[in-house]
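The values are calculated or read from the model by the stated rules, or taken from the named source; none is laboratory data. Values in this document were obtained by computation on a predicted structure and should not be read as measured data. Reconstructed Cβ throughout: ideal geometry from the backbone, glycine too, with neighbour counts over all protein chains shown.
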Amino acid sequence: MLMTSEWVFILDEVDELSAMILSSEQAQKLRQAYKAVYEDIELSERIKAFQRIKDQYEDVQRFGKYHPDYNIIMKQIRTEKRHLDLNEQVATLKLAENDYQDLLDEISLIIGHSVSEAVKVPVSNPFFASSGSSCSTGCGTGGGCSCSA
């Protein structure tokens, strides 16, 4: 592939878009929320402990209910996950992650549809999948994705 002036222009536009995304309100909120979670030493230790339990959980999943510690690990992971989910800083981080992902999904849809309306753009939020014409031409599932196949 030869580097042409058109490619240089596109790369400059990509750099500008990237800078705009990184300086967006959603990105700033995500950085602040991440910092709040991982600078809290107690919460950070709790997350590390949850990760250790999660590793044990993955080991238990290989054997299922026949693992000797199945009930203990299953109860532990649910309890710890619930404690983390109820933490205000963790909840704020999850909301910030969702907002940032929505921003990225919107940008992906705009870029994809600027190429062609027929471009299928994967998005994490079903709102964007249905508001754009992501399946206007049918998806081949016989309408399984709620398109008008």
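A few notes on this one:
- Cβ-Cβ contacts under 9 Å between residues 6 or more apart (or on different chains), taken from a first residue in segment 47-67 that is without any contact (Cβ under 8 Å) to a residue 12 or more places away in the chain to a second residue that is hydroxyl-bearing (Ser, Thr, Tyr), are listed as 63/70; 64/70.
- Qualifying residues in segment 19-34 (those that are of a type outside the set (Gly, Ala, Ser) and exposed (fewer than 12 other Cβ atoms within 10 Å of the Cβ)) - the one nearest to residue 88 (Cα to Cα): 25
- Flag for residue 86 being surrounded by 12 or more Cβ atoms within 10 Å (Cβ to Cβ) and assigned by TED's automatic domain parsing to the domain that holds residue 33: no
- Enumeration of residues in segment 16-53 that are within 24 Å of residue 96 (Cβ to Cβ), charged (D, E, K, R) and either out of contact with any Leu (no Cβ under 7 Å at 6 or more places or on another chain) or not assigned by TED's automatic domain parsing to the domain that holds residue 88 (or both): 16, 25, 29, 31, 35, 39, 40, 42, 45, 48
- Single match in 106, 97, 88 (criterion: at pLDDT 90 or above and over 21 Å from residue 37 (Cα atoms)): 106
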